[in-house]
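Engineer: So that we are looking at the same thing, I have put the structure below in structure tokens.
The values are calculated or read from the model by the stated rules, or taken from the named source; none is laboratory data. Since the model is a prediction, treat every value here as computed from it, not as a measurement. Please note: Cβ atoms are built from the backbone with ideal geometry, for glycine as well, and neighbour counts cover all protein chains shown.
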Amino acid sequence: MAREHFSLAGKTAVVAGASRGIGQAIAALLGEYGAHVIALSRGADGCRETVDGILEKGGSAESQVCHIGKLEQIEAFFGWLDEHHGRIDILVNNAAANPYYGHILETDAASFEKTLEVNLRGYFFMCTAAGRRMRDAGGGAIVNVASANGLSPGDKQGAYSISKAGIINMGKALARECGEFGIRVNTLVPGLTRTRFAQALHDDDDFMAKMMPHTPLGRGAEPEEMAAAVLYLVSDAASYTTGSSIVVDGGYLA
Ligand SMILES: NC(=O)c1ccc[n+]([C@@H]2O[C@H](COP(=O)([O-])OP(=O)(O)OC[C@H]3O[C@@H](n4cnc5c(N)ncnc54)[C@H](OP(=O)(O)O)[C@@H]3O)[C@@H](O)[C@H]2O)c1
């Protein structure tokens, strides 16, 4: 396949949760392949480093504040987008909440609700707002970042695992109803990746002792290894791929 199929030149890409970790690596790679990247996170300073990194490499990027757990902030962001860009070609939903790490029976209601507010409601309304605009413009590509825990629940991560399973189904539901508009919706299913989010897991000796013998590649992933799969999914190289989940987990689920 020609290299041009991976080019994102002329496309506007919104990456939610782009201030660090996997989202930062995704934003950097989409910028490197020519997209104008709009990097979102909760804090005003959050995405500065991400944007600076893209600009330093000659790319095009800017940042916006958006807490995807708050519907009014999603609406405000898309209002800003309509005014300043009038289009969205690519959406990557990567931000996530995992406020509780402990036995499932002790999960408190506030943690459960926060997890669903961000991981399910936030992803869903980001997708519908982007999807309506993509439909009106004739197409687009959406990638939602789930987790291996969405296919096989992680110990002490009950609510989070449930939300990630929902994201996998959300991708299929959106793909089924949006294919007719030229919108492709796919899901990235990462395994353990070296980021701040996963620090508690890296620091849990019991968890690592259980996990590594079942990981054929024998290590956690680097964020850049997730970004490569997202580049494929949002590019024209994946023009016949929708409703799918790409598992990038070092073989853990196998
Ligand atoms: N790391 C892993 O091992 C692993 C494994 C499987 C799946 N995943 C998934 O991969 C994705 C990224 O994880 P990561 O490890 O890179 O996490 P991370 O390093 O903690 O980064 C999370 C990003 O999301 C932003 N964010 C958090 N809550 C937000 C909200 N409500 N609204 C907007 N932005 C928000 C954060 O920025 P601000 O704090 O500035 O808002 C940050 O940019 C998540 O969906 C996670 O579930 C990670």
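Engineer: Any residue at all in the range 204-212 that's within 15 Å of the ligand (Cβ to nearest atom), surrounded by 17 or more Cβ atoms within 10 Å (Cβ to Cβ) and within 15 Å of the chain's Cα centre (by Cα)?
Structural biologist: no
Engineer: (1) assigned to a loop (DSSP other than H, G, I, E, B); (2) away from the ligand (no atom under 16 Å from the Cβ); (3) at pLDDT below 95: which one isn't true of Leu8, the others all being true?
Structural biologist: The single condition Leu8 does not satisfy is (3).
Engineer: Same structure, new question: Do we have any residue at all in the range 210-220 that's within 25 Å of Leu29 (Cα to Cα) and modelled with pLDDT of 95 or more?
Structural biologist: Yes, the range 210-220 contains at least one residue that is within 25 Å of Leu29 (Cα to Cα) and modelled with pLDDT of 95 or more.
Engineer: So in the range 135-153, with the set limited to residues that are assigned to a loop (DSSP other than H, G, I, E, B) and of a type in the set (S, T, N, Q), which one is surrounded by the fewest Cβ atoms within 10 Å (Cβ to Cβ)?
Structural biologist: Out of the qualifying residues, it is Ser152.
Engineer: Name the helices (runs of 4 or more DSSP H) wholly within the range 30-134 that hold at least 3 residues that are within 21 Å of Asn149 (Cα to Cα) and of a type outside the set (D, E, K, R)?
Structural biologist: 109-116
Engineer: Given the criterion crowded, with 17+ Cβ neighbours inside 10 Å, away from the ligand (no atom under 14 Å from the Cβ), modelled with pLDDT of 95 or more and of a type in the set (A, V, I, L, M), identify the matching residue among Ala13, Ala25.
Structural biologist: Ala13
Engineer: Contact list please: Cβ distance under 6 Å, first residue in the range 80-104 and on the phi < 0 side of the Ramachandran plot and within 16 Å of the ligand (Cβ to nearest atom), second residue aromatic (Phe, Trp, Tyr) and in a helix (DSSP H, G or I), pairs at least six apart or on different chains.
Structural biologist: These pairs meet every condition: Asn93/Tyr123; Asn98/Tyr160.
Engineer: Kindly establish whether Ala238 is out of contact with any His (no Cβ under 6 Å at 6 or more places or on another chain) and closer than 12 Å to Ile142 by Cα.
Structural biologist: For Ala238, the condition - out of contact with any His (no Cβ under 6 Å at 6 or more places or on another chain) and closer than 12 Å to Ile142 by Cα - is met.
Engineer: For the range 35-50, does any single residue satisfy the condition of being touching a residue at least 24 places away in the same chain (Cβ under 8 Å), closer than 23 Å to Tyr240 by Cα and not β-branched (Val, Ile, Thr)?
Structural biologist: Looking for residues that are touching a residue at least 24 places away in the same chain (Cβ under 8 Å), closer than 23 Å to Tyr240 by Cα and not β-branched (Val, Ile, Thr), one finds at least one in the range 35-50, hence yes.
Engineer: Answer with yes or no whether Ile38 is within 15 Å of the ligand (Cβ to nearest atom), of a type in the set (A, V, I, L, M) and under 19 Å from Glu225 (Cα atoms).
Structural biologist: It is false that Ile38 is within 15 Å of the ligand (Cβ to nearest atom), of a type in the set (A, V, I, L, M) and under 19 Å from Glu225 (Cα atoms).
Engineer: Can you find a residue that is surrounded by fewer than 21 Cβ atoms within 10 Å (Cβ to Cβ), polar (S, T, N, Q) and near the ligand (Cβ under 9 Å from one of its atoms) anywhere in the range 121-132?
Structural biologist: no
Engineer: Would you please name the residue that is nearest to Ala129 (Cα to Cα), looking only at residues in the range 184-194 that are at pLDDT 95 or above and within 9 Å of the ligand (Cβ to nearest atom)?
Structural biologist: Once the filter is applied, the top-ranked residue is Leu188.
Engineer: Still on this structure, I have one more. Considering only residues of the range 133-151 that are within 12 Å of the ligand (Cβ to nearest atom) and not β-branched (Val, Ile, Thr), which is nearest to Gly79 (Cα to Cα)?
Structural biologist: The selected residue is Asn144.
Engineer: What number of residues in the range 162-195 are closer than 16 Å to Lys114 by Cβ and either charged (D, E, K, R) or buried (at least 23 other Cβ atoms within 10 Å of the Cβ) (or both)?
Structural biologist: 3
Conditions (1) in contact with a Pro (Cβ under 6 Å, 6 or more places away or on another chain); (2) away from the ligand (no atom under 12 Å from the Cβ); (3) more than 22 Å from Leu8 (Cα to Cα); (4) of a type in the set (Ser, Thr, Tyr), marked per residue:
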| residue | (1), (2), (3), (4) |
| --- | --- |
| Ser163 | no, no, yes, yes |
| Gly182 | no, yes, no, no |
| His214 | no, yes, yes, no |
| Pro223 | no, no, no, no |
| Ala227 | no, no, no, no |
| Leu233 | no, yes, no, no |
| Gly243 | no, yes, no, no |
| Tyr252 | no, no, yes, yes |
